[in-house]
Amino acid sequence: MAKHSISKIIGQRILGAIPSVIGVVIVTFLLTRALPGDPAAFFAGPAATAEAIDEVRRNLGLDKTLLEQFFLYIGDLFRGDLGVSLTTGQTVGYDLLTRLPASLELTLAGLVFAIALALPLGILAATRPNSWIDHGVRLLATAGVSLPTFFTGLFLIYVLYYQLGIAPAPLGRLDILFSPPTHITGFYLIDSLLTGDLELFWVAASQLVLPAITLGLFALAPLARVTRASMLGMLSSDFIRTARASGLPPRQVLFGYAFRNAMLPVITTLGVVFSFLLGANILVEKVFAWPGIGSYAVEALVASDYAPIQGFILTMALLYVVLNLLIDLLYVVIDPRAGVDA
């Protein structure tokens, strides 16, 4: 029954995602062509003649009609070809594969930091409603979501690096004196542990702290608010009152019954926050010189380089689809009733 439900969920989500992906491809193609600026003029250089610009435009295929360019792009997608980045000279697929682990490592670190704070604070606020703890948690959540990520990052750099000198320089994933670990997964923390280089692990972890906190503070607000609201609803429900009246230990009632049933909306919010952070870390990557796909997309946008922008948005759309599928499967693990048809 469970296997049938899981297979059905996977099939339904994949079929439902196909129109969304097609829509993303069409909209992304049209929006990139609507960007101001001429890629041919940009790459030909400021001293290029009109003939040279026309030659570059023909080489890029921009002299064809919009419909012809679209069908050529679709044909390349079916062959797994995302195009070539004119700014790096590499294929877009190669650039994304080499930069995606950096973005995922940063996003996951920020999410872990947010979860480690948001869940305990949300539970604490729900068990003591309208207390100073509850008001403090709501104030912290409001401040976290109100401050832009680039401002939080610059503030942390100014205080912890420039003034106090206890944080490393915001120069990317590693200090300039260290070389990247042997490539296994692309995640520096994991690769340094797999190769047994603990010194490199701590260097990579120290570089990750400030950008992860910057992202985590922004993600803290929705997670803490949803945890608090969901726990308040569960703690006031009839089955919790029955469990307490039956003499069950308070810890078992709180975590074994209330928190587990409150997890479904938290998991939903967690998926939305993770998807949002993948896009929101663009500014954080620029502030901390983090070589992820966000900074890659910004550089391509400035240069009116179509292929990397289209590849970035398509990658984000596919990650969002996969993430939603994982959330649906996690629903079934937490509450098997979620996989049973009404």
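The values are calculated or read from the model by the stated rules, or taken from the named source; none is laboratory data. Computed from a prediction, not measured in an experiment: that's the story for all the values here. Ideal geometry is used to build each Cβ from the backbone, glycine not excepted, and the neighbour counts take in all protein chains shown. The area values use the complete protein model at the heavy-atom level, side chains included, leaving out ligands, DNA and RNA. Shrake-Rupley method; radii C 1.70, N 1.55, O 1.52, S 1.80 Å.
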What are the residues whose amide H is under 5 Å from the amide H of Thr185, where those residues sit 5 or more places off or on another chain and H is modelled from the backbone? Asp191
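Could the peptides 162-168, 281-287 be put in order, highest first, of the mean number of other beta-carbon atoms found within 10 Å of their residues?
Values: 162-168: 11.1, 281-287: 23.0.
Those peptides, ordered most packed to least, come out 281-287, 162-168.
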Simple spin-label model, 7 Å along Cα-to-Cβ: Leu177 to Tyr162 in nm? 2.4 nm
Evaluated at q = 0.09, 0.10, 0.13, 0.16 Å⁻¹: base-10 log I(q)/I(0), Debye formula over Cα of the chain: -0.64, -0.78, -1.15, -1.38
Rank these residues by their accessible area, most exposed first, probe 1.4 Å: Val273, Val145. Val145, Val273
At a probe radius of 1.4 Å, what is the per-residue accessible area of Thr149, in Å² to the nearest 10? 10 Å²
Largest-first ranking of Ser236, Ser103 by accessible area, probe 1.4 Å, whole protein assembly kept, is Ser236, Ser103
Projected label distance in nm at Thr49 and Ala143, using a 7 Å step from Cα toward the beta-carbon: 6.4 nm
In Hz, Karplus ³J(HN,Hα) per residue of the stretch 188-205 (6.51, -1.76, 1.60; θ = phi - 60°; x = Gly, Pro): 4, 5, 6, 5, 5, 6, 5, 8, x, 9, 6, 5, 5, 4, 5, 5, 5, 5
To the nearest 10 degrees, the tilt of helix 66-78 (Cα long axis) against the first principal axis of the alpha carbons of the chain is 60 degrees
Where the chain is the region considered: accessible area per residue in Å², 1.4 Å probe: 53 Å²
Mind listing the long-range amide H neighbours of Val84? Cut-off is under 5 Å, sequence gap 5 or more, other chains count too, H placed in the peptide plane at 1.01 Å from N. Val92
Once the dipole of the chain is set up with Lys and Arg at +1 and Asp and Glu at -1 on Cβ about the Cα centre, which of Leu97, Val84, Ala143 lies farthest towards its positive end? Ala143
Over the chain, what is the relative contact order in whole percent, taking alpha-carbon pairs under 8 Å and six or more residues apart? 28 percent
So, taking all protein chains as they sit and a 1.4 Å probe, how much accessible area belongs to Asp63, in Å² rounded to tens? 90 Å²
Mind pulling the angle between the C-alpha long axis of helix 306-334 and the longest principal axis of the chain? Nearest 10 degrees, somewhere in 0 to 90. 20 degrees
Taking the full set of protein chains and a 1.4 angstrom probe, give the accessible area of Asp76 in square angstrom, rounded to the nearest 10. 40 Å²
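Leaving out ligands, DNA and RNA, and with a 1.4 Å probe, what % of the accessible surface on the chain is carbon or sulfur? Show your work: numbers first, answer last.
Working: 12740 of 18290 Å².
Carbon plus sulfur share of accessible area: 70 percent.
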Helix 260-287 axis, angle to the chain major axis (alpha carbon atoms, nearest 10°): 30 degrees
Got a sec to turn the phi values of the stretch 170-179 into Karplus ³J(HN,Hα) couplings, 6.51 cos²θ - 1.76 cosθ + 1.60 with θ = phi - 60°, whole Hz, x for Gly and Pro? x, 10, x, 7, 9, 5, 5, 7, 10, 9
